[in-house]
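Visitor: Here it is: the structure, laid out below.
Each value in this text was obtained by applying a stated rule to the coordinates, not by laboratory testing. Note that the structure is predicted; figures quoted are calculated from it, not measured. Here the Cβ positions follow ideal geometry from the backbone for every residue, glycine too, while neighbour counts run over all protein chains shown.
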Amino acid sequence: MEAVYIDSSLPEKETKIRCHFGECIMMENAAAALEKAVLGCGAECSVFVLCGGGNNGGDGLALARRIYGKCRVSVFLAEAPRTEEARIQYEMTKAAGVPFVQNDEPLECYTVFVDCLFGTGFHGKLSEDYAALILRVNEADGVKIACDIPSGIDKNGCIETKDAGGSPVAFRADKTVTMGALKTALFSDEAKDFTGTIEKAGLGVSDFVFEKNTEPDAHIIEKSDIQLPHRKKKSAHKGMFGHTAVVIGEKPGAAILAGTAALRFGTGLVTCITDSSEKGDGVSFLMPPELMTGNSFPEKTTSVLLGSGLGTDKNSIVSKTVSFIYDMEKPSAVFDADFFSYPEAPSVLKKLNDRKNAQIIITPHPKELCMLINSCLSEKYEVSFTVSHRFELSRQWSKAFPNIVLVAKGANTYIFKGGKAFICSCGTNALAKAGSGDVLAGLCASLLAQGYDALEAAKTAVYAHASSSTTFTPDYALTPLLLIDRIETSL
């Protein structure tokens, strides 16, 4: 798993001291990585490098010096160098003969634009001049490459600058070459539309050396990290692979999708639980033949899913389900969707958090996450603030409920347990469709039923769910049932 940091300056500083690295050596390595990315755009490329006054600008100046003579390159220096290292690079670049241009330079003749304006030190809003410059470059034809992080995005992944229409303003990169280590800011919901492909560049030492004495804030989930269901025993029967109980509420289709996903992901049996008052309401008629129905939980239930399509007026079945989960020898459950709107949700989660052998996963989307945080923690937040600070707020909640696995859904999904974070960044906008979350909840419940640890179940389910969307075209046509069909072939 790739390590991710909120602030990579800490391991960078520690590496400089321990390995006797000067800033200029790291700048040259950063520039070499940018050079590789730029020259990969073609030998005939024409490059426009935007440089700020800090060390990010120094990286850009070093890049321009290195590629001058290999392709056409011009530098726009937005402000005078402020750091000693940037001043040295400026003098070296000027001495090499690299041309410097003004802000009104026509952009039509350039094919590659490199953003070295701010880097990870940026915070607040862009000035009007910087915002206008970035918008002009964004509108130009050509490949856009960001150094470290696209300008306009702060260390929390927030974009505070807005245009006249209220849309976020930041450098819109096709590729971001991030230096030393991945940053959490690159994986926020807002950042996803601006980072393009993310590529990590070394600064002259291996990852092992760079990360040696610092604890990452998160890890990226990769295919090699997941544990797909595997049936080793040939003399198997369905009871060996668990029994998932999915609670049906106001919208039966959601529970049916979740149950279907659970069965397809390996659980041996699935029973959809209805409230006794709903007998004969047509639910059985809608049910696929492979899913069972009942008004009570099967005795050998090994995981429970509550919340998908539940509705907000199902107190009796919520109480019935929660009581059953409490009585399980090893409570194993997924809570999703409408469950978080019930007033007793915080107390249920607290009680289950205190059961050390419980395997519990919760899967809120941003609005539900805001509801959860506001009901469980002392501070109160608006949904917009929760979205823009999703990583940090999710971590706070996870530390307060360390035995529960939180799957904070979004453009990139965060998984937390006990404050430790994992990020799944491979999902696409094809998943932005009603029912996708129900499929994910079903996948999680399936793995819990099969005996997975909650954290491993969440990581595997989230990655399988996300990766199944990556090759689907057209992206607007992916339905939950198609998503379920693709899971088994996408891994």
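Visitor: Taking the Cα centre of the chain as the origin and placing charges on Cβ (Lys, Arg +1; Asp, Glu -1), which of Ser9, Gly60, Cys147 is farthest toward the positive end of the dipole?
Guide: The Cα lying farthest towards the positive end belongs to Ser9.
Visitor: From the residues Met27, Thr197, Leu186, which one has its Cα farthest along the dipole of the range 2-215 in the positive direction, the dipole being from +1 and -1 charges on Cβ of Lys/Arg and Asp/Glu about the Cα centre?
Guide: Met27
Visitor: Looking only at the range 134-176, which residues have a backbone nitrogen under 20 Å from a spot 7 Å from the Cα of Thr197 in the C-beta direction?
Guide: 141-151, 171-176
Visitor: Another question, then. What fraction of the DSSP beta bridges in the chain is antiparallel, stated in percent and rounded to the nearest 5? Numbers along the way, then the final one.
Guide: Working: 12 of 64 bridges.
Among the beta bridges of the chain, antiparallel pairing accounts for roughly 20 percent.
Visitor: In Å, what Kirkwood hydrodynamic radius results for the chain from the alpha-carbon pair distances? Mind showing how you got there, number by number?
Guide: Values: mean 1/r = 0.0410 Å⁻¹.
Taking the inverse mean of 1/r over all distinct Cα pairs, the chain comes out at 24.4 Å.
Visitor: I'd like the Karplus ³J(HN,Hα) series for the range 257-273: coefficients 6.51, -1.76, 1.60, θ = phi - 60°, whole numbers in Hz, and an x wherever there's a Gly or Pro.
Guide: 4, 4, x, 5, 4, 4, 5, 5, 9, x, 5, x, 9, 9, 10, 9, 9
Visitor: Once the other residues with Cβ under 14 Å from the Cβ of Ala262 are scored (Lys, Arg +1; Asp, Glu -1), what is the net sum?
Guide: Details: positive: Lys238, Arg264; negative: Glu290, Asp336, Asp438, Glu488.
Local charge sum for Ala262: -2.
Visitor: Provide Rg over Rh for the range 2-215; use the alpha carbon set for both Rg and the Kirkwood Rh (inverse mean inverse pair distance).
Guide: Rg divided by Rh gives 0.94.
Visitor: Using Cβ contacts closer than 10 Å as the measure, can you line up His230, His465, His123 from fewest to most? Kindly include the intermediate steps, with their values, before the conclusion.
Guide: Numbers: His230 7, His465 31, His123 11.
Placing the least packed residue first, the sequence is His230, His123, His465.
Visitor: For the chain, what is the calculated [θ] at 222 nm in deg cm²/dmol (nearest 500), taking -39500 (n - 2.57) for each run of four or more DSSP H residues and dividing by its residue count?
Guide: Working: 17 runs with 176 residues, N = 491.
The helix-only estimate for the chain comes to -10500 deg cm²/dmol at 222 nm.
Visitor: By the scheme Lys and Arg +1, Asp and Glu -1, what is the net charge of all other residues having a beta-carbon under 14 Å from that of Ser398? List each step's numbers first, then the result.
Guide: Details: positive: Lys350, Arg390, Arg395, Lys399, Lys417, Lys420; negative: Asp217, Glu392.
Around Ser398, the surrounding residues sum to +4.
Visitor: If you don't mind, another one. Rounded, prolate or oblate: which fits the range 1-117 when a ≥ b ≥ c are the square roots of the eigenvalues of the alpha-carbon gyration tensor, with rounded for a/c under 1.5 and prolate only if a/b beats b/c?
Guide: Numbers: a/c = 1.94, a/b = 1.55, b/c = 1.25.
It comes out prolate by the Cα gyration axes.
Visitor: Then there is this: Once the other residues with Cβ under 11 Å from the Cβ of Gly40 are scored (Lys, Arg +1; Asp, Glu -1), what is the net sum?
Guide: Working: positive: Lys36, Lys175; negative: Glu35, Glu199.
Charge balance near Gly40 sits at 0.
Visitor: Sticking with this one: Taking θ as phi - 60°, what are the ³J(HN,Hα) couplings along the range 17-25 by the Karplus curve (6.51, -1.76, 1.60), each to the nearest whole Hz, with x for Gly and Pro?
Guide: After applying 6.51 cos²θ - 1.76 cosθ + 1.60, I find 5, 5, 9, 6, 8, x, 4, 5, 5 Hz.
Visitor: Treat every Asp and Glu Cβ in the range 2-215 as -1 and every Lys and Arg Cβ as +1, leave all other atoms uncharged, and give the resulting dipole magnitude about the Cα centre to the nearest 20 debye. Walk me through the intermediate numbers first.
Guide: Working: 22 positive and 33 negative charges, 99 e Å.
Roughly 480 debye, rounded to the nearest 20.
Visitor: Another question about this same structure. Arrange His237, His389 by Cβ neighbour counts within 10 Å, fewest through most, would you?
Guide: Listing His237, His389 from fewest to most nearby Cβ atoms yields His237, His389.
Visitor: To continue, here is another question. Quick one: which residues, 5 or more positions from Val101 or on another chain, have an amide H under 5 Å from its amide H? H modelled 1.01 Å from N in the peptide plane, none for Pro or chain starts.
Guide: Val75, Phe76, Leu77
Visitor: Moving on to the next point. Between Met92 and Ala164, what is the FRET efficiency for a Förster distance of 56 Å, r being their Cβ-Cβ separation, to the nearest 0.05? Show your work: numbers first, answer last.
Guide: Details: r = 40 Å, r/R0 = 0.72.
Efficiency for this residue pair is about 0.90.
Visitor: If you take the Cα Rg of the range 223-487 and divide it by 2.2 N^0.38 Å, with N the number of residues, what do you get? Walk me through the numbers on the way to the answer.
Guide: On the way: Rg = 17.1 Å, N = 265, 2.2 N^0.38 = 18.3 Å.
The reported ratio for this selection is 0.93.
Visitor: Could you give the dipole magnitude of the chain about its Cα centre, charging the beta-carbon of Lys and Arg +1 and that of Asp and Glu -1, in debye to the nearest 20? Don't skip to the end; give the middle numbers.
Guide: Values: 50 positive and 59 negative charges, 320 e Å.
Approximately 1540 debye in magnitude.
Visitor: Would you mind checking which residues have amide H under 5 Å from Glu190's amide H? H placed 1.01 Å from N; only 5 or more apart, or other chain.
Guide: So Glu190 has HN proximity to no qualifying residue.
Visitor: Moving on to the next point. For Asp485 and Asn353 in the same chain, what is the full-extension length gain: residue separation times 0.36 nm, less their Cα-Cα distance, in nm? Present the calculation step by step, with values, prior to reporting the outcome.
Guide: Details: separation 132, 0.36 × 132 = 47.52 nm, distance 3.40 nm.
The Asp485-Asn353 span can extend by a further 44.1 nm.
Visitor: Still on this structure, please answer the following. Using a 10 Å cut-off around each Cβ, can you sort Met27, Met287 from fewest to most neighbouring Cβ atoms? Could the numbers behind the result be given before it?
Guide: Values: Met27 24, Met287 19.
Neighbour counts put them in this order, fewest first: Met287, Met27.
Visitor: Can you give the translational diffusion coefficient of the range 306-405 in µm²/s, computed by Stokes-Einstein from the Kirkwood radius over Cα pairs at 10 °C and 1.306 mPa s? Write down the numbers at each step before the final one.
Guide: Working: Rh = 13.9 Å.
Translational D for this selection: 115 µm²/s.
Visitor: Let me ask something else about it. Using θ = phi - 60° and the Karplus relation 6.51 cos²θ - 1.76 cosθ + 1.60, list the HN-Hα couplings for the range 404-419 in order, rounded to whole Hz, with x at every Gly or Pro.
Guide: Coupling constants for the range 404-419: 10, 8, 9, 9, 8, 6, x, 4, 10, 8, 9, 10, 10, 9, x, x Hz.
Visitor: Select from the range 190-282 those GluC sites (Glu not before Pro) which occupy a DSSP coil region and have at most 15 other Cβ atoms within 10 Å, ordered by residue number. Don't skip to the answer; put the middle values down first.
Guide: Values: sites: Glu190, Glu199, Glu211, Glu222, Glu250, Glu278; in loops: Glu190, Glu211, Glu222, Glu250.
Counting only loop positions with at most 15 other Cβ atoms within 10 Å, the GluC sites (Glu not before Pro) in the range 190-282 are Glu222, Glu250.
Visitor: Further question: Report the charge-dipole magnitude of the range 223-487 in Debye, nearest 20, computed about the Cα centre from +1 at each Lys and Arg Cβ and -1 at each Asp and Glu Cβ.
Guide: Working: 28 positive and 23 negative charges, 190 e Å.
My answer is approximately 920 debye.
Visitor: Also, I was wondering about something else. Apply 1/(1 + (r/R0)^6) to the Cβ-Cβ distance of Lys300 and Ala236, taking R0 = 22 Å, and write down the FRET efficiency to the nearest 0.05. Please report the intermediate quantities before stating the final value.
Guide: Details: r = 16 Å, r/R0 = 0.72.
For Lys300 and Ala236, the calculated efficiency is 0.90.
Visitor: Along the charge dipole of the range 205-258, which of Ser224, Gly242, Leu257 sits closest to the positive end, that is, farthest toward it, with unit charges on the beta carbon of Lys, Arg, Asp and Glu (+1, +1, -1, -1)?
Guide: Farthest towards the positive end: Gly242.
Visitor: Multiplying the sequence separation of Arg136 and Glu329 by 0.36 nm and subtracting their Cα-Cα distance, what value in nm do you get? Working shown, then result.
Guide: Working: separation 193, 0.36 × 193 = 69.48 nm, distance 6.21 nm.
63.3 nm is the gain from fully extending Arg136 to Glu329.
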